[in-house]
Amino acid sequence: MSALAARRRHPLATALIVLLGLLVTGVGYAAVMPSTADASTSTASADDIEQGKKLFLANCSTCHGIDAEGRNQAPSLIGVGAASVDFQVGTGRMPLAMSGPQAQKAPVRLSDEQTAQLSAYVASLGAGPSIPSDDVLDPEAGDASKGAMIFRTNCAMCHNAAGAGGALTRGKFAPNLDEVSYKHIYEAMVTGPQSMPVFPDTTISPDEKTDVIAYLATIRETPNPGGMALGKLGPVSEGLVAWIVGLTLLIGFAVWLGAKSS
């Protein structure tokens, strides 16, 4: 017993216990951690991947490097997945037309087929978020009320509670989501373009992403009886405009009448 007690008091015993605890915790977390449903390797044909490689070398390698490992300020594309390429190229943000605080939406330069081929090639370089299927993009399959809560908690601070967009720091901005396709909205959530954080399936599940899309669909369908949306913030913005603009006009009119009568 005295020998066992002596070993317990050994200076390395504490470090060994900590290492064992970390090992057990890591193995346990890996065992219970939910799998990321949007991470996948390429399932495209070899011909599509080959054509995608040619497109990459012609349009992307100047900035991202021949091996897509990135260079200068252009990031590595290994492991970004097909969804990232489909979003960036499908919205015209890439190939980048000019440098600036962030890449802006522009006319699309590649066809849908070329975008799919380029996405397949980048996906073949490493597993990453895949292009979402149509079933998760259907607003009818989501719950708009749940989506509203998720959106207000995670997105409204940048995109506005109605998805109308807003200014960020250093010349960056969160775009208006009114005319963004549901596919690109979903891809933005799983890839985190520009200053946007990534929302993997472990943070916001695919069903919850569909709920967000359902909420944005209801906003798009909501009419504006007054004619001007005013950020789609409802009576708050409308009342503010009424007080500032309307009251200013009334005061100005009263001053004008008083000056005229004197």
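The values are calculated or read from the model by the stated rules, or taken from the named source; none is laboratory data. Everything numeric here is computed off the predicted structure, so don't read it as measured data. Every residue, glycine as well, gets a Cβ built from its backbone with ideal geometry; the counts of neighbours run over all protein chains shown. To get the accessible areas, we keep the full protein, side chains included, count just its heavy atoms, and leave off ligands, DNA and RNA. Shrake-Rupley method; radii C 1.70, N 1.55, O 1.52, S 1.80 Å.
Scan the range 210-218 and tell me whether some residue there is at pLDDT 95 or above and of a type in the set (D, E, K, R).
Yes, some residue in the range 210-218 is at pLDDT 95 or above and of a type in the set (D, E, K, R).
May I ask you to list the residues in the range 183-194 that are touching a strand residue (DSSP E or B) at 6+ places or on another chain (Cβ under 8 Å) and hydroxyl-bearing (Ser, Thr, Tyr)?
Matches in the range 183-194: Thr191 only.
Based on this model, can you work out whether Ser205 counts as under 25 Å from Gln102 (Cβ atoms), at pLDDT 85 or above and of a type in the set (Ser, Thr, Tyr)?
Numbers: under 25 Å from Gln102 (Cβ atoms): no; at pLDDT 85 or above: yes; of a type in the set (Ser, Thr, Tyr): yes.
It is false that Ser205 is under 25 Å from Gln102 (Cβ atoms), at pLDDT 85 or above and of a type in the set (Ser, Thr, Tyr).
Considering only the range 93-101, I want to know if a residue exists there that is out of contact with any strand residue (DSSP E or B) (no Cβ under 7 Å at 6 or more places or on another chain), more than 21 Å from Gly192 (Cα to Cα), open to solvent by 80 Å² or more (accessible area, probe 1.4 Å) and without any contact (Cβ under 8 Å) to a residue 60 or more places away in the chain. Break it down into steps so the answer makes sense when it comes.
To start, the set of residues in the range 93-101 that are out of contact with any strand residue (DSSP E or B) (no Cβ under 7 Å at 6 or more places or on another chain) comprises 93-101.
Those still in the list that are more than 21 Å from Gly192 (Cα to Cα) too: none.
So far as the range 93-101 goes, no, none of its residues is out of contact with any strand residue (DSSP E or B) (no Cβ under 7 Å at 6 or more places or on another chain), more than 21 Å from Gly192 (Cα to Cα), open to solvent by 80 Å² or more (accessible area, probe 1.4 Å) and without any contact (Cβ under 8 Å) to a residue 60 or more places away in the chain.
Pro193 fails exactly one of the following numbered conditions: (1) over 19 Å from Arg93 (Cβ atoms); (2) open to solvent by less than 20 Å² (accessible area, probe 1.4 Å); (3) not in a helix (DSSP H, G or I). What is the number of that condition?
So Pro193 meets the others, but not (1).
The conditions are (1) touching a residue at least 12 places away in the same chain (Cβ under 8 Å); (2) in contact with a Ser or Thr (Cβ under 9 Å, 6 or more places away or on another chain); (3) part of a loop (DSSP other than H, G, I, E, B); (4) over 23 Å from Asn176 (Cα atoms), and Asp67 fails exactly one of them. Which is it?
(1)
Considering the range 196-211 alone, what residues qualify as being among the hydrophobic types (A, V, I, L, M, F, W, C) and open to solvent by 10 Å² or more (accessible area, probe 1.4 Å)?
Selection gives Met196, Val198, Phe199.
Just name the residue that is nearest to the chain's Cα centre (by Cα) out of those in the range 130-148 that are more than 18 Å from Asp201 (Cβ to Cβ) and not acidic (Asp, Glu).
Filtering the range 130-148 down to residues more than 18 Å from Asp201 (Cβ to Cβ) leaves 139-140, 144-145, 148.
Next, from what is left, pick out any that are not acidic (Asp, Glu): 139, 144-145, 148.
On the way: Pro139: 18, Ala144: 19, Ser145: 20, Ala148: 16 Å.
Filtering first and then ranking leaves Ala148.
Tell me which residues, restricted to the range 113-129, are part of a loop (DSSP other than H, G, I, E, B) and open to solvent by 40 Å² or more (accessible area, probe 1.4 Å). Let's see the steps before the verdict.
So the first thing to find is which residues in the range 113-129 are part of a loop (DSSP other than H, G, I, E, B), and the list is 125-127.
Those that are part of a loop (DSSP other than H, G, I, E, B) and open to solvent by 40 Å² or more (accessible area, probe 1.4 Å): Leu125, Ala127.
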